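Only one structure is covered here, and it is reproduced in the block below.
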Amino acid sequence: MRLLLLVVVTWAVLLMVGLMLSRSFGVEMPSCLFRRMTGQPCAACGGTRATILLAQGQFGQALRMNPLVAIAWLGVPGIAAWLHLRRRGGASRITPIAVRRLWIIAGLLLAANWAYLLLWGVAV
């Protein structure tokens, strides 16, 4: 669990630093292949820009750009810390039924996020 937490935190820090540096030096971000082929946003379109906006402290704009990515960046570290503290306190592991429910919730959130992006769009 500690290794996973270390990997996630390291990845997040490197991603944020990389994005901030790329913006500082005017490096163009790659465009979405799905959007280029279909003309429609994919379920993650705007996620990179939402991450950059979060790094700049522009939470409202990040939520408008891609709500799921913005909420994940803000919520996942808290959930990971809660799970870690829960396990340290001797709580049992999450049951397979709970894991299945979490996957269903994640799928529904992804579908809702994609619907939002399709209906209200993401600026190119």
- Item | Hits in segment 68-100 - residues which are in contact with a Phe, Trp or Tyr (Cβ under 9 Å, 6 or more places away or on another chain) and in contact (Cβ under 8 Å) with a residue 40 or more places away in the chain | L68
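Looking at segment 35-92, what helices (runs of 4 or more DSSP H) fall wholly within it and have at least 2 residues that are among the polar types (S, T, N, Q) and either buried (at least 17 other Cβ atoms within 10 Å of the Cβ) or at positive phi (or both)? Give the steps one after another, and end with the answer.
On the way: elements: 47-55, 59-65, 67-88.
Filter on segment 35-92 gives 47-55.
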- Report whether or not A111 is modelled with pLDDT of 90 or more, part of a helix (DSSP H, G or I) and on the phi < 0 side of the Ramachandran plot. yes
- Mind checking which pairs have a first residue in segment 36-57 that is without any contact (Cβ under 8 Å) to a residue 24 or more places away in the chain and a second that is of a type outside the set (A, V, I, L, M, F, W, C) and part of a loop (DSSP other than H, G, I, E, B), Cβ under 7 Å, 6 or more apart or different chains? G47/N66; A50/N66
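Assess whether M20 counts as being loosely packed, with under 10 Cβ neighbours inside 10 Å, out of contact with any strand residue (DSSP E or B) (no Cβ under 8 Å at 6 or more places or on another chain) and modelled with pLDDT of 70 or more.
Numbers: loosely packed, with under 10 Cβ neighbours inside 10 Å: no; out of contact with any strand residue (DSSP E or B) (no Cβ under 8 Å at 6 or more places or on another chain): yes; modelled with pLDDT of 70 or more: yes.
Judged against the criteria, M20 is not a match.
Looking at the structure I just gave you, is G26 on the phi > 0 side of the Ramachandran plot and either of a type in the set (D, E) or at pLDDT 85 or above (or both)? Before the answer, list the steps.
Working: on the phi > 0 side of the Ramachandran plot: yes; either of a type in the set (D, E) or at pLDDT 85 or above (or both): no.
The answer is no for G26.
The values are calculated or read from the model by the stated rules, or taken from the named source; none is laboratory data. Please read these numbers as outputs of a predicted model, since none were measured by experiment. Note that each Cβ is placed from the backbone with ideal geometry, even for glycine, and that neighbours are counted across all protein chains shown.
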